[in-house]
Amino acid sequence: MTTFKLPDLGEGLTESEIVRWLVAEGDTVELNQILAEVETAKAVVDLPSPYAGTVRRLHAAEGETIAVGAPLIEYDVEGAEPAAAPEAPAPEAPEPEQQPAPALPVEDRAGEQAAKPAQERVSVLVGSVKLGSGARATRRRRTFEPTPFVRDERRPVRAFPPVRALARQRGIDLSSVEPTGEGGVVTRADLDRVGSATPAAATAPARASRRERVSGLRKHTAKAMSDSAFTAPHAAVFLQVDVTETRELVDDLRARARGGDAPTFLSMACRAILLAAARTPEVNSTFHADAGEIEVHGAVNLGIAVATDRGLVVASVDDADLLDATELAVRIREQAEKAREGRLSPAELTSSTMTVSNVGVFGVDGGVPILNPGESVILALGTVRRTPWEHRGEIALRDVMQITVSFDHRVLDGKEASAFIADVGALLEHPGLALARR
């Protein structure tokens with residue numbers, strides 16, 4: 001028998017959840033055949049078989065979380081030595097012949113039955129059977145004691161009308177209150193001592209709540225957000241931007257593409273973020289607390305927050321600063337599709353150096369996002385709304401969006417964060433600046 005233990009799936013994680021078994025006990029499997037779908041903290045991955053043979057035991061059920069290195073499957077591996085056959089059991093000694101029990105008075109037989117040891121079990125081919133002692137059981141005589149009927153004599157309740165009205169208001173049964181007044185009268189103080197009660201007829205039926213086990217991606221996200229929120233001192237800046245010209249530019253470029261690849265509003269916003277990051281490179285940094293250092297990354301790996309059925313995923317578009325708006329649109333779409341299908345590699349889930357969360361797709365104006373661990377900046381893009389806005393000295397309806405930048409105050413001060421968000425806003429308000437600026 002060979003035991004296959006859950007391996008480290010390359011993400012440095014300590015546990016995984018069995019999503020679905022693709023084999024059952026007794027199945028014959030081939031080398032590298034997929035055994036199960038396993039959910040790590042970030043993705044669902046296929047687990048191949050390292051052996052060819054027969055599955056004898058599955059050590060975990062679907063939905064169960066097991067630690068790395070714990071037994072997962074036991075095999076009879078092809079070519080391995082067969083397990084030694086169990087030794088035959090020693091023959092049992094013959095039982096002594098039972099002597100007939102002496103006759104006993106009827107009243108003594110019940111005591112004899114209680115004093116006898118438990119019936120013996122004798123092994124047969126399958127299961128076991130019980131062998132009795134040979135003595136016939138005697139049913140114990142049952143006796144009944146009559147219980148006299150006792151009339152429920154309720155004492156009369158003595159209380160003044162104001163006390164009775166107060167008891168009705170509070171839903172208190174006066175007969176259940178111990179009176180302390182003179183002559184056995186229930187007083188207001190007695191009601192105060194009992195407290196109020198809600199009449200049973202007026203009680204609304206209880207609605208059942210439910211509790212769900214936190215596992216997989218949700219468990220990882222909860223830990224990552226808690227670690228980030230209580231490790232990095234968060235601060236945020238906000239800016240409302242007139243993005244009408246960028247919207248019009250996107251519409252024009254898409255019309256020129258005639259159904260081919262073209263920039264989207266999100267890819268244009270990301271392009272503006274990347275150009276602004278080049279002017280404030282500290283936003284693309286990691287604070288290393290143990291070493292007391294700030295690492296400013298050379299390449300910008302732009303994380304895109306994607307809402308999936310399993311939870312929030314940050315998919316990285318590596319070297320995003322080298323891509324134009326059309327290439328960004330293609331890569332963002334590809335990474336989002338892979339994230340929703342659970343096909344992102346561990347590297348694609350962990351390599352981002354700054355993140356964008358497009359919460360505007362949910363119809364909200366903005367929010368204050370929590371930093372992705374290891375990053376110094378995350379941006380939230382709100383929904384675009386037609387808003388009365390000052391334009392060229394007049395009030396006009398314009399496309400307006402709110403941008404939020406959350407930042408690690410250990411790396412950036414308000415000056416750098418404000419300069420960064422102002423550059424992003426200027427590029428979205430006047431996209432032609434991308435041609436004039438370096």
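The values are calculated or read from the model by the stated rules, or taken from the named source; none is laboratory data. Source: prediction; values computed, not measured. Please note: Cβ atoms are built from the backbone with ideal geometry, for glycine as well, and neighbour counts cover all protein chains shown. All accessible areas refer to the heavy atoms of the entire protein, side chains included, with ligands and DNA or RNA removed. Shrake-Rupley method; radii C 1.70, N 1.55, O 1.52, S 1.80 Å.
Taking the accessible area of the stretch 267-319, probe 1.4 Å, and keeping the other protein chains in place, the carbon and sulfur fraction comes to 48%.
Averaging Cα coordinates gives a centre for the stretch 329-377 and one for the stretch 392-414; these two points are 20 Å apart. Between Ala255 and Arg386, the modelled label-to-label distance comes to 1.8 nm, taking each label 7 Å out from Cα in the direction of the beta carbon.
Please say if the stretch 260-352 is rounded, prolate or oblate, where rounded means a/c under 1.5 for a ≥ b ≥ c the square roots of the C-alpha gyration tensor eigenvalues, and otherwise the choice is prolate for a/b larger than b/c and oblate otherwise?
oblate
Length gained on full extension, Val185 to Val361, computed as 0.36 nm times the residue gap minus the Cα-Cα distance: 56.5 nm. Taking every DSSP beta bridge with both residues inside the stretch 234-379, roughly what % is antiparallel (nearest 5)? Bridges in the stretch 234-379 are about 70 percent antiparallel.
Between Arg343 and Leu22, what is the FRET efficiency for a Förster distance of 25 Å, r being their Cβ-Cβ separation, to the nearest 0.05?
The formula returns an efficiency of 0.90 here.
Restricting the stretch 227-282 to chymotrypsin sites (Phe, Trp or Tyr not before Pro) that sit in a DSSP loop and have at most 11 other Cβ atoms within 10 Å of their own Cβ leaves Phe230.
Subtracting the Cα-Cα distance of Arg207 and Ala426 from their residue separation scaled by 0.36 nm leaves 73.6 nm. Solvent-accessible surface of the stretch 282-407, taken per residue with a 1.4 Å probe and all protein chains present: 47 Å². What the Cβ-Cβ distance of Ala396 and Glu295 gives, at R0 = 45 Å and to the nearest 0.05, is a FRET efficiency of 0.50.
The modelled label-to-label distance between Ala165 and Thr231, using points 7 Å beyond Cα along the C-beta direction, is 6.7 nm.
Looking at the stretch 246-311, which trypsin sites (Lys or Arg not before Pro) are DSSP coil and have at most 13 other C-beta atoms within 10 Å of their C-beta?
Arg258
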